[in-house]
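Since the structure comes first, as structure tokens, the remarks are kept for the end.
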Amino acid sequence: MTTSGQVTTSGHLPVADPADVRRASVRLIRADARAFSTALALNSAAAVAGLGGPWLLGRIIDEVRGGSGVGTVDRLALALLVCSLAELLLARWARFVGHRFGERTLARVREEFVDRTLALPASVVERAGTGDLTARGTADVATVGTTLRDAGPDLLINSVRFLFALGAIFVIDPRLGALGVLGLTPIWLALRWYLRRARDGYLAEGAATSDIAEIVAATASGARTVEALRLEEQRVRASRDTIETARRTRFYTLYLRSVFFPAVEVSYILPISGILVLGGLLHAHGAVSLGAVVAAALYLNQLINPLDQILIRVEQLQSSNASFARVEGLARAPRATEAEALAPAGDRIDVTGVRYSYGRGGEVLHGVDLTVRPGERLAIVGPSGAGKTTLSRLLAGVDAPTEGTVTVGGVPVVELGPEQLRRQVVLVTQEHHVFLGTVRDNLLIAEPGARDAELWSALEAVGADTWVRELPDGLNTPLGDGGHATDGSQAQQLALARVVLADPHTLILDEATALLDPTTARHTERALAAVLEGRTVIAIAHRLHTAHDADRVAVMEDGLLTELGSHEELVAAGGAYAALWHSWHGDRSTRPAGE
């Protein structure tokens, strides 16, 4: 698993190395240092109060053996009760402060994750797959949250108690303390064995979880394609293989736990037995009192419960550490460039000698040259697999060409900062998303300062004003879960309305009206052209009426631009476009669709 600032060879986003995770942890602690320090101080005070019990019980034993009366025992018993009550109150206060620290820190982790996700270039997200990003943003962040909220405070409390209890045994008698530490050696060896293997095991488990999320999401979103091409068995096999890999990774981490915890439980017997034996011998020779031996044994017994909790939380921390490494790994991913100093000199788009290939696949564009004039409507047509969608992604700056350049106003599109790019070029596909919120919320994403009149104007431009006016609360109607359920065509119209509000200079439509019926689609495209008058519109035309309405038509075949001209010129030329037109219209070749 690489930790470089690139998408890994397996397609996953980067994973932070241990040093990065440690630095990120320190950064989060410093961000709320006061709460962390308060929790540490309270835990220390609770641990000190907890030390009073065994010591006072040892004193009671020695006082009784020395012939002291009931009054002395009562006073010591009252002090023991006060210590226990103080420990309870301080521990609860410390846990409260620790949980508040955990919740605030988790909020920072979530906010950083969202900010880093939004800063990722679209091409990086698509190469990595939405499954990996989804798994990191859900399962991994949830695991980190559980640790910050529960495991973190518990680990802090029990670590302080462990250290104080161990120190108390040394104070009673260094020989008993040394024997207690020696008796804990098998636990240290088991922990060392476990930690050497746990990080890689949990990272592999997290990657396998991402693969499951990715294959499920891809199969669900492409269900129609799977059915059309009869790929059901292939997808089922791929899913089973992915699940089997995930099962193996989970069984490996289970194996680690199955070895680690039994070894630890058996090892607890050794230090207590050793202290009782050595303490008995020392007491028999008058080296220590019976109360001291009892107090040391109680301290060691008191030490075992925190140690047990520490080891349980250490196991949980390995899973959380792997999850945090995956979440923090987004900091190493490539980010969208912020080269705001580059200012396009005009709005002309030039495609010069462009070649492109996807990863290790073959070349899909073979030297494309094209100039798109400002304000023109260009339709790109061609058979499936000709390279139309690839060209649209290069024009929009989603991907960079393997060779050649795509420039707007003389500046390479991929070198524009995100905000500049959105002002210049917007790519709209058939994959649209309706965000949780009202209709107004979904539109204001494009232009936060837009007024209601502008929102209605945008909806009218794409033919969505009719159904929005029929909603119970109009623009204030909630969409999504618990609200109005939008169908595919309504989601597309909302996306197109956002484009109208954003008002980019160049709009690229790649099947952006595919879910609309032909008549509505053509109406929407013409309305967009009217609203975006003076703007450049590039349409990947799957319906040839779009090409008929365009100023020019570019024909793509096998990754090459083979024809370029107006609809009438290309039909008269009798080439590939004319064949497509006649095939699509038959004897009605002189009549545009929808007329």
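The values are calculated or read from the model by the stated rules, or taken from the named source; none is laboratory data. Given the structure is predicted, the values throughout are model-derived calculations rather than measurements. Cβ atoms come from the backbone with ideal geometry, glycine included; neighbour counts cover every protein chain shown.
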Exercise for the section: Go through Ala190, Ala178 for me and flag whichever is farther than 30 Å from Leu290 by Cβ and assigned to a helix (DSSP H, G or I). Expected result: Ala190
Fill in the blank from the handout: Quick count over region 541-558, residues being surrounded by 22 or more Cβ atoms within 10 Å (Cβ to Cβ) and not in a helix (DSSP H, G or I), is 6
Problem - The listed residue being part of a helix (DSSP H, G or I), modelled with pLDDT under 85 and out of contact with any Phe, Trp or Tyr (no Cβ under 6 Å at 6 or more places or on another chain), out of Val236, Val266 - result: Val266
Exercise for the section: Filter region 64-76 down to residues that are touching a helix residue (DSSP H, G or I) at 6+ places or on another chain (Cβ under 7 Å) and closer than 21 Å to Ala49 by Cβ and give me whichever is modelled with the highest pLDDT. Expected result: Leu76
Handout entry: Qualifying residue in region 383-396 (condition: within 32 Å of the chain's Cα centre (by Cα), surrounded by fewer than 17 Cβ atoms within 10 Å (Cβ to Cβ), farther than 19 Å from Val553 by Cβ and not β-branched (Val, Ile, Thr))
Key = no
Practice task
Quickly run through region 332-356 and pick out the residues that are modelled with pLDDT under 80 and buried (at least 18 other Cβ atoms within 10 Å of the Cβ).
Solution key: Arg332, Ala333, Ala336, Pro344
Exercise for the section: Hey, can you tell me all the residues within region 399-428 that are modelled with pLDDT under 75 and either surrounded by fewer than 19 Cβ atoms within 10 Å (Cβ to Cβ) or touching a Leu at 6+ places or on another chain (Cβ under 9 Å) (or both)? Expected result: Gly417, Pro418, Glu419, Gln420, Arg422, Arg423
Completion exercise
Only one of Val48, Val82 is out of contact with any strand residue (DSSP E or B) (no Cβ under 8 Å at 6 or more places or on another chain), within 17 Å of Ala295 (Cα to Cα), in a helix (DSSP H, G or I) and at pLDDT 75 or above, namely Val48
Exercise for the section: Quick one: which residue in Val368, Val351, Val414 is within 28 Å of Ala578 (Cα to Cα), out of contact with any Lys or Arg (no Cβ under 7 Å at 6 or more places or on another chain) and in contact (Cβ under 8 Å) with a residue 60 or more places away in the chain? Expected result: Val368
Problem - Contacts under 6 angstrom Cβ, first residue in region 184-202 being within 14 Å of Phe261 (Cβ to Cβ), partner of a type in the set (Phe, Trp, Tyr) and in a helix (DSSP H, G or I), 6 or more apart - result: Ala190/Phe260; Tyr194/Phe260
Exercise for the section: Would you mind stating whether Asp452 is under 29 Å from Ala220 (Cα atoms), of a type in the set (Asp, Glu) and surrounded by fewer than 18 Cβ atoms within 10 Å (Cβ to Cβ)? Expected result: no
Problem - Given (1) closer than 27 Å to Pro374 by Cβ; (2) assigned by TED's automatic domain parsing to the domain that holds Leu394; (3) modelled with pLDDT under 80, number of the condition Pro592 does not satisfy - result: (2)
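Residues are listed down the side, and each one gets a yes or a no for (1) surrounded by fewer than 17 Cβ atoms within 10 Å (Cβ to Cβ); (2) at pLDDT 80 or above:
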residue	(1), (2)
Glu126	yes, no
Gly129	no, no
Val141	no, yes
Trp193	yes, yes
Gly201	no, yes
Asp211	no, yes
Val216	yes, yes
Ser221	yes, no
Ala228	yes, no
Exercise for the section: Read through the list (1) in a loop (DSSP other than H, G, I, E, B); (2) under 18 Å from Asp558 (Cα atoms), then give the number of the only condition that His366 fails. Expected result: (1)
